[in-house]
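**Q** Encoded as structure tokens, here's the structure I'll be asking about.
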Amino acid sequence: MIATELRLKDVAEALSGQAAHLLGAPTYVVDRDHRVVAASRPGWVGRFVRGNAREQSLEVQVEIAGEEGWVVVGPPLDGGSVPAHLAQALVNLLVDQAAIVGTLPHGAELKNKIIHDLLHGPGENEATLVRQARLLGMDIGPPRAVILIDAGRYIFDGETEDRGRDDIARRGQTVIDEIVSFFQLPNDTICAYIGDGEVAVLKASDTRNLRHWADAEDVANSSSWANLAALKRAGRALLARLQSETGVPLSIGIGRYHRGAGGLARSYADARAALGLGQRLSAADRVHSLDTLGVAAFVGVSDERTKMELAKHLLSPLDADPELITSLEVYFREDCHPSRAAESLGLHRNSLNYRLEKVALITGLDPRVFDQAVQIRLALVLRSLETEAAAQE
């Protein structure tokens with residue numbers, strides 16, 4: 001069975017993932033040197049497996065563009081067994097499917113369009129787009145957040161009208177190749193050039209996939225903000241790599257991970273808003289996320305749900321100490337006048353100053369600094385409005 005346009009590693013991830021899903025058994029793909037090039041379970045890629053490691057498994061030999069390999073299917077997770085002829089037929093079908101997709105004249109454009117549509121609010125078509133993505137070897141299932149790279153200055157090289165379609169595609173693919181190399185991905189299936197000089201990365205955002213950028217002090221205050229600090233570190237490191245390779249300044253927007261239907265579209269909306277606002281207002285920084293844009297995030301983002309979530313995120317470190325919330329509310333009610341606020345609270349001014357210092361330490365926002373005080377005040381108002389609305393329901 002030979003596919004002329006593909007290499008083994010090009011289809012290995014899709015083969016292992018789809019076969020494992022359909023057969024209900026752990027699956028990995030081994031090259032001619034007995035090295036695992038893709039696996040349905042973490043920690044296997046790169047291992048060398050011989051003899052005993054494969055004796056209790058089914059092996060299906062494949063040959064792609066003259067390159068020999070094996071798809072190895074382990075014991076099913078439910079304790080049953082997989083008939084050899086079924087495994088053979090399924091693997092052959094998956095390889096043939098990949099070969100057909102790989103030889104489409106506009107295969108790359110098709111992949112980019114599917115990702116573009118997923119990010120721009122697929123609505124009722126999301127299930128169809130996810131199935132199409134799976135056929136192209138894109139696994140949308142794991143938790144993913146969107147990293148949006150504005151690479152226009154490199155892709156267009158300052159002369160949009162002089163760049164032909166093929167040249168733009170080539171430069172876009174160069175950026176994608178650098179991203180694949182940076183994140184050590186098996187292929188580029190979760191990266192896409194989505195037009196206007198922008199490349200989107202659907203970055204696996206669970207703890208395991210961000211362990212290289214995680215910090216022991218990171219705290220996930222709510223599910224949609226989980227691992228955001230690690231994502232931003234990854235974004236900064238990626239930006240340094242891309243700028244070094246392209247020789248031009250680029251910018252990145254980081255989106256949060258959102259659960260459920262439309263989650264990728266919401267993550268893209270976060271990244272898109274952060275990138276747009278950040279480029280206009282924070283020229284000194286080139287990696288932008290909603291939680292680092294200050295007052296601009298509350299003013300420049302139109303989505304009320306996002307602003308409410310941002311307010312909760314900023315204030316969540318204070319949830320365990322309602323005394324600090326009360327002190328802030330009185331402090332703002334007294335127009336940030338420390339003496340009057342301390343008197344209203346029945347405190348010595350030094351005691352109030354200690355509480356304000358504690359707020360700054362816990363949240364990273366100092367209520368004695370104007371811009372940061374405005375953020376806290378807006379967050380308090382938004383959270384109060386939501387509480388009142390919930391009480392009236």
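The values are calculated or read from the model by the stated rules, or taken from the named source; none is laboratory data. A quick note: this is a predicted structure, and the numbers were derived from the prediction, not measured. Neighbour counts run over all protein chains shown; Cβ positions are idealised from the backbone, glycine included. Accessible surface areas use protein heavy atoms only, side chains included; no ligands, DNA or RNA. Shrake-Rupley method; radii C 1.70, N 1.55, O 1.52, S 1.80 Å.
Yes or no, residue by residue, for (1) free of Cβ contacts under 8 Å to residues at least 60 places away in the same chain; (2) among the aliphatic types (A, V, I, L, M); (3) open to solvent by 10 Å² or more (accessible area, probe 1.4 Å):
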| position | (1), (2), (3) |
| --- | --- |
| 203 | yes, no, yes |
| 208 | no, no, yes |
| 226 | yes, yes, yes |
| 231 | no, yes, no |
| 237 | yes, yes, yes |
| 241 | no, no, yes |
| 245 | no, no, yes |
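**Q** Answer yes or no: is there a residue in the stretch 344-363 that is within 17 Å of residue 322 (Cα to Cα) and part of a loop (DSSP other than H, G, I, E, B). Lay out the reasoning, then the answer.
**A** Within the stretch 344-363, the first condition is being within 17 Å of residue 322 (Cα to Cα), and the residues that meet it are 344-347, 351-363.
Subsequent filtering for residues that are part of a loop (DSSP other than H, G, I, E, B) retains 346-347.
Checking the stretch 344-363: at least one residue is within 17 Å of residue 322 (Cα to Cα) and part of a loop (DSSP other than H, G, I, E, B).
**Q** Looking at (1) at pLDDT 85 or above; (2) in contact with a Gly (Cβ under 7 Å, 6 or more places away or on another chain); (3) under 24 Å from residue 262 (Cα atoms), find the lone condition where residue 190 falls short.
**A** (2)
**Q** Quick one: what pairs do we get from the stretch 17-45, first residue more than 18 Å from residue 184 (Cβ to Cβ) and in a strand (DSSP E or B), second among the polar types (S, T, N, Q) and open to solvent by less than 30 Å² (accessible area, probe 1.4 Å), C-beta under 7 Å, 6+ apart or different chains?
**A** Close Cβ pairs (under 7 Å, with a partner that is among the polar types (S, T, N, Q) and open to solvent by less than 30 Å² (accessible area, probe 1.4 Å)) amount to 27/16.
**Q** Can you confirm whether residue 55 is more than 32 Å from the chain's Cα centre (by Cα), more than 30 Å from residue 148 (Cβ to Cβ), modelled with pLDDT of 80 or more and not hydroxyl-bearing (Ser, Thr, Tyr)?
**A** Judged against the criteria, residue 55 is not a match.
**Q** For the stretch 31-45, name all the residues that are surrounded by 14 or more Cβ atoms within 10 Å (Cβ to Cβ) and over 16 Å from residue 59 (Cα atoms).
**A** Within the stretch 31-45, 44, 45 qualify.
**Q** Let me ask something additional. Only one of (1) of a type outside the set (Lys, Arg); (2) farther than 20 Å from residue 22 by Cβ; (3) at pLDDT 80 or above fails for residue 43. Which number is that?
**A** For residue 43, the failing item is (3).
**Q** Go through (1) closer than 25 Å to residue 274 by Cβ; (2) modelled with pLDDT under 90; (3) out of contact with any helix residue (DSSP H, G or I) (no Cβ under 7 Å at 6 or more places or on another chain) and name the single condition residue 387 misses.
**A** Condition not satisfied by residue 387: (1).
**Q** For the stretch 309-336, which residues satisfy the criterion of being acidic (Asp, Glu) and farther than 17 Å from residue 361 by Cβ?
**A** Residues satisfying the conditions are 309, 329, 334, 335.
**Q** Do we have residue 97 as polar (S, T, N, Q), closer than 16 Å to residue 17 by Cα and modelled with pLDDT under 80 here?
**A** Yes, satisfied.
**Q** It is to be established whether one or more residues within the stretch 368-383 are open to solvent by less than 70 Å² (accessible area, probe 1.4 Å), in contact with a Cys (Cβ under 7 Å, 6 or more places away or on another chain) and either outside any helix (DSSP H, G or I) or more than 30 Å from residue 242 (Cβ to Cβ) (or both).
**A** There is at least one residue in the stretch 368-383 that is open to solvent by less than 70 Å² (accessible area, probe 1.4 Å), in contact with a Cys (Cβ under 7 Å, 6 or more places away or on another chain) and either outside any helix (DSSP H, G or I) or more than 30 Å from residue 242 (Cβ to Cβ) (or both).
**Q** If you take the residues in the stretch 267-284 that are charged (D, E, K, R) and touching a strand residue (DSSP E or B) at 6+ places or on another chain (Cβ under 9 Å), which one is least open to solvent (accessible area, probe 1.4 Å)?
**A** My answer is 270.
**Q** So, one more: Yes or no: the stretch 295-311 includes at least one residue that is more than 30 Å from residue 130 (Cβ to Cβ), free of Cβ contacts under 8 Å to residues at least 12 places away in the same chain and surrounded by fewer than 18 Cβ atoms within 10 Å (Cβ to Cβ).
**A** The answer is yes; a qualifying residue exists.
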